[in-house]
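Peer 1: The structure is given below, and queries will be raised subsequently.
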Amino acid sequence: MIDRRFYNVKEDVTLAQAAEITSSILTDLARAGEKIADIASMETAGADDICFFYDRKSREKAAGIKAKACITTEELKSFVPTSVTVLVCEDPKIAFIKLNEFMYSEKSFAAGIDATAKIAATAKIGKDCSVGANVVIGENVEIGDNCIIEPNAVIAHDCKIGNNCRIGCNASIAYSVIGSNCYIYAGARIGQDGFGFQLINGQHHRIPQLGRVIIGNDVEIGANTCVDRGALDDTVIGDGTRIDNLVQIAHNDKLGRGCVIVAQVGIAGSCNLGDYVVLGGQVGLADHLNIGSGAQVAAQSGVMRDIEAGAVMMGSPCVPFKDYMRQVSFLQKNSKK
């Protein structure tokens, strides 16, 4: 059950509305006017709730559904108890997102600037922005319309942020140009020095990092993730990319459109990722690598060579997925001898 203290909840949603919003077919029109209270899982949904059933592996659990209604596919609807009203759609996962967005929303931030915020006189703040307590915004910063800058965030001089962006609490942004519709989560560090040193007379001497971070539109960067600015070239995050929590992206890296980078990934400097690359949790990339568009790398893999577009890789050092499975099979068979 959704804890209503934390979210705004739309009341009085009927099954007919749910069917319309999710592009589903309501199989029992006599119940079209009945209302649903919440969205819940198959296991926890009660008599006033609606749930979703999309995985054939869960068909045994489906028999225990006690919800008022269930959104599922034509193929799976026969597994749902007859006491439950069925809504049939092509993709229940997408239906879940649509109904979720319709019924629930986060508590909104009121537009305005908190009295404790420190904003340079030369900074430009767009219309209907919310600037929270103890925010610091430096000289010549430009922030677009409808942005949310949460408490204690720091935006250093000359940064630019587009419209409809959200900068999480305690995040810091420097040497960066950020597009519109981006969400930088709490504690993220964007635009800090890249990790560059040269050994001179037995001492590690810092190499000046003179590049920027360029973030496209519709990008999400997770909590406590770090994106370092470039040494000379820019570090670039392409449109639509999703970066999880606790990720390290080093100087001069370039990520294409729609990439998915999962928690605890570490990407060394000057790597180039194509579009829609997926890196599983704890993947590590050596420096100066090229990863082709559509490539997928499984969790905990170590990448030491370039990867072709569309390849599926696994292991450390990583190899094509089928080769990795053959290696595992060989070891399992021979370790028993």
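Values quoted throughout were computed directly from the atomic coordinates according to the rules given, and no laboratory measurement underlies them. From a predicted model like this one, the values you see are computed outputs, not experimental measurements. Counting neighbours? That spans all protein chains shown, and the Cβs are built from the backbone with ideal geometry, glycine included.
Peer 1: Where a ≥ b ≥ c are the square roots of the eigenvalues of the C-alpha gyration tensor, would you call the range 7-106 rounded, which needs a/c under 1.5, or, failing that, prolate if a/b is larger than b/c, or oblate?
Peer 2: In terms of gyration-tensor shape, rounded.
Peer 1: Additional query: For helix 321-334, what angle does its Cα long axis make with the longest principal axis of the chain, in degrees from 0 to 90 and rounded to 10?
Peer 2: The answer is roughly 80 degrees.
Peer 1: What is the gain in length, in nm to one decimal, between Ile207 and Ala299 on full extension, counting 0.36 nm per residue of separation less the C-alpha to C-alpha distance?
Peer 2: Result for the pair: 29.9 nm of gain on full extension.
Peer 1: If R0 is 25 Å, what FRET efficiency do you get for Ile2 and Arg242 from their C-beta distance, rounded to 0.05?
Peer 2: 0.60
Peer 1: How high is the relative contact order of the range 7-106? Use alpha-carbon pairs under 8 Å, at least six apart in sequence, and give a whole percent.
Peer 2: This gives 31 percent for the range 7-106.
Peer 1: Name the trypsin sites (Lys or Arg not before Pro) in the range 118-195 that are in a loop by DSSP and that have at most 15 other C-beta atoms within 10 Å, would you?
Peer 2: Counting only loop positions with at most 15 other Cβ atoms within 10 Å, the trypsin sites (Lys or Arg not before Pro) in the range 118-195 are Lys127.
Peer 1: Please identify every one of the trypsin sites (Lys or Arg not before Pro) in the range 32-114 that sits in a loop by DSSP and has no more than 15 other beta carbons within 10 Å of its own beta carbon.
Peer 2: Loop-located and lightly packed - Lys107.
Peer 1: Pull up all non-local amide H partners of Ile149: gap of 5 or more, or a different chain, and H-to-H distance under 5 Å with H placed in the peptide plane.
Peer 2: Ser130, Val131, Gly132, Ile167
Peer 1: Between Lys160 and Asp287, what is the spin-label point distance in nm, taking each point 7 Å from the Cα along the Cα→C-beta axis?
Peer 2: 3.0 nm
Peer 1: Based on Cα coordinates alone, diagonalise the gyration tensor for the chain, multiply each eigenvalue by 5, take square roots, and list the semi-axes in whole Å, largest first.
Peer 2: 41, 32, 15
Peer 1: In addition: Residues with amide H under 5 Å of Ile119's amide H, sequence separation 5 or more or different chain, H placed in the peptide plane at 1.01 Å from N; which?
Peer 2: Distant-sequence amide H within range of Ile119: Ile137.
Peer 1: Sticking with this structure for a sec: Name the long-range amide H neighbours of Asn290: under 5 Å, sequence gap of 5 or more, or other chain; modelled H, no Pro or chain starts.
Peer 2: Asn272, Asp306, Ile307
Peer 1: Which FRET efficiency value, to the nearest 0.05, is calculated for Asp128 and Gln198 with the Förster distance at 41 angstrom and r the Cβ-Cβ distance?
Peer 2: Efficiency, from the Cβ-Cβ distance: 0.30.
Peer 1: If you don't mind, there's one more thing I want to ask. Only helical DSSP H runs with n ≥ 4 go in: add -39500 (n - 2.57) per run for the chain, normalise by residue count and round the 222 nm mean residue ellipticity to 500 deg cm²/dmol.
Peer 2: -3000 deg cm²/dmol
Peer 1: By count of other Cβ within 10 Å, fewest leading, how are Leu76, Leu285 ordered?
Peer 2: Starting with the residue having the fewest Cβ neighbours, the order is Leu76, Leu285.
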